[in-house]
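Single-structure report; data block below.
Values quoted throughout were computed directly from the atomic coordinates according to the rules given, and no laboratory measurement underlies them. No experiment lies behind these values; they were computed from the predicted model shown. All Cβ positions, even for glycine, are placed from backbone atoms using ideal geometry, and neighbour counts span all protein chains on display.
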Amino acid sequence: MELEFDRYDDFNLLSRKLTEITNDTNEIMMELAGFFDSFELDTARISSITTNLQDEITMARMVEIDRLYQMFQRPVRDLARDENKEINLVVSGGETKIDKTIFEIISDPMMHMIRNAISHGIEPAEERKRLGKEPVGALIMKSRHEGNSIIIEIEDDGRGMDPAQLRKTAVDKGFMAPAEVQSLTDLESLNLIFRPGFSTAQVVGKVSGRGVGMDVVSTHLAKINGRIEIKTEKGVGTKFLIRLPLTLAIAQALIVKLKDQELAVPMNLVEETTRFSFKEIQRAAGEEMVNLRGTLVRLLKLNDILGVGKFPKKEETFRHPTLILGTAEKRIALLVEDIVGREEIVVKSLGEYLRGVRMFSGATISGEGNVRLILNISSLFGDESQLTTKASFMAGREAAAAPEAARRKPRVLVVDDSISIRKYVQRFLDRTGYEVEVAPDGMEALNVMGRIKFDAVITDLEMPVMHGYDLIAEMKRNPALMNVPVIVLTSRAGEKHRQKAIEMGAQDYLVKPFEEQEMLGALKKLLSGAALAHRT
């Protein structure tokens, strides 16, 4: 008798075998799905535990800001008495918790701001009565959580700040030339108060007039990636809004990429992300700029900052990811190769050996175990000479141990009747580690040098009122100025002009347009063997 399975041909046997394999595969997939469901549940539990542990560790570092407010009660009372003013201190949000390290860092800056509010802001009782205000001034301090930040407000109902008066003070005290301040906006004028030594007080007293205060505030806030904003109205009052990270140990960061290297950028300083192509980059006053909704913003490229060559080649129209970074009223655009994503990172110190590397504020470790350096964004807004990787690393401990006098910035006076040239030279020298003042002509330059001592002078030749040759001659006749080195910067390329300038006492002669490195080399050569001018 023919067996039943003998009726199946090879094709039917193959089909049945495939069906069995399919059923086996489905069974395995179901088991794998169950395993992954269980694994996902365990992962979620571990994530929940670690998050709770992280929150507990963070909370263990936190203290109520009311402890800080209590520290200010007596100083406010004493300062008000010294200034013969009546002041009512009002605080709210004292239950807001802040990282203990941040608590310790901001106590001095806040004290400076309170001193300024009492000394400069709030008027005496008699003056307030004449202005129709309550005789007792109000000093208000508030704090609150906002996302991953802590907001602290310090507000007074006093005089407010007058941008025009700040511009006048900048000229009177030699911070800027009269022609230079005319181009400042009101916001830029308000930012003058953050310059070291700037003070609107007419008389030096116990509380004010020393020019120490708001520059200390900005310096301390920069250390912790904090931001400060000013809102003021003349005759109504002033409000300072300070934005601080929730903790220094754990931070929200944007991970960016360049040539397979990932870096972290603190999120609290990232205002937005956008894209720009190289075709959209403009040049103004010698700097690269991009147009952000009608406003020109200075552009920095991550590859230039790190000194790692060029971006990978793309089409000219390719729009590169760009971070818009902000601190106080300043904005810059940072062009990067790619944005990996947003992460919560644990911040690690760079250690004692790398403490002098200002380009990075710390480091973190990725989930894969790779080290990511954290960009020090505040350094991008200031002294960019600190961004030179090679120089920073080579300095090491020797730089940290160098005497304070050796780390002072050389002071340079730029004399040119062209506003654009003055701004261009001032900005790039500022970025490369020099303290720069400007003057529109030789006569104004002599006036500035009468108040401030300089380590070098860069001057044009053809200027109104007093041209460059006369300026050099006047300097050589003056015993206090005759040893100040002079670099001529002019469009006159003729050898007779060069020879005349050198014969009159100029140490170097540069022709416009010039290379930045050419000027930096000339300055370095002149100043390398000379002591910095005595600060007065």
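Restricting the range 299-380 to trypsin sites (Lys or Arg not before Pro) that sit in a DSSP loop and have at most 12 other Cβ atoms within 10 Å of their own Cβ leaves Lys310, Lys313, Lys314. The 3J(HN,Hα) values that the Karplus relation (6.51, -1.76, 1.60; θ = phi - 60°) gives for the range 159-172 are, in residue order, 6, x, 10, 9, x, 5, 5, 5, 5, 5, 5, 4, 6, 4 Hz. Gly and Pro appear as x.
Evaluated with a Cβ-only charge set (Lys, Arg +1; Asp, Glu -1), the chain carries a dipole of roughly 2900 debye about its Cα centre, given to the nearest 20. For the range 448-464, 3J(HN,Hα) computed residue by residue from phi via the Karplus equation (6.51, -1.76, 1.60; θ = phi - 60°) reads 5, 5, x, 9, 10, 8, 10, 8, 6, 10, 10, 10, 6, 9, 8, 9, x Hz, glycine and proline entered as x. When +1 charges are put on Lys and Arg Cβ atoms and -1 charges on Asp and Glu Cβ atoms, the dipole computed for the range 63-245 relative to its Cα centre reaches about 200 debye.
Qualifying GluC sites (Glu not before Pro) in the range 10-117, where qualification requires a DSSP coil assignment and no more than 11 other C-beta atoms within 10 Å, comprise Glu95.
Taking the Cα centre as origin and putting +1 on Lys and Arg beta-carbons and -1 on Asp and Glu beta-carbons, what dipole magnitude results for the range 404-527, to the nearest 20 debye?
Rounded to the nearest 20 debye, it is 340 debye.
Helical content of the chain, expressed as a calculated mean residue ellipticity at 222 nm, amounts to -11500 deg cm²/dmol (DSSP H runs of 4 or more residues, -39,500 (n - 2.57) each, divided by residue number, nearest 500). Close amide H contacts of Val436 (hydrogens built in the peptide plane, cut-off under 5 Å, sequence separation of 5 or more or a different chain): Val412.
The computed volume of the Cα convex hull per residue in Å³ for the structure shown corresponds, within (i) 145; (ii) 235; (iii) 134, to (ii).
Summarising the amide proton neighbourhood of Leu299: residues at separation of 5 or more, or on other chains, whose placed amide H is nearer than 5 Å comprise Glu288, Met289, Val290, Ala333.
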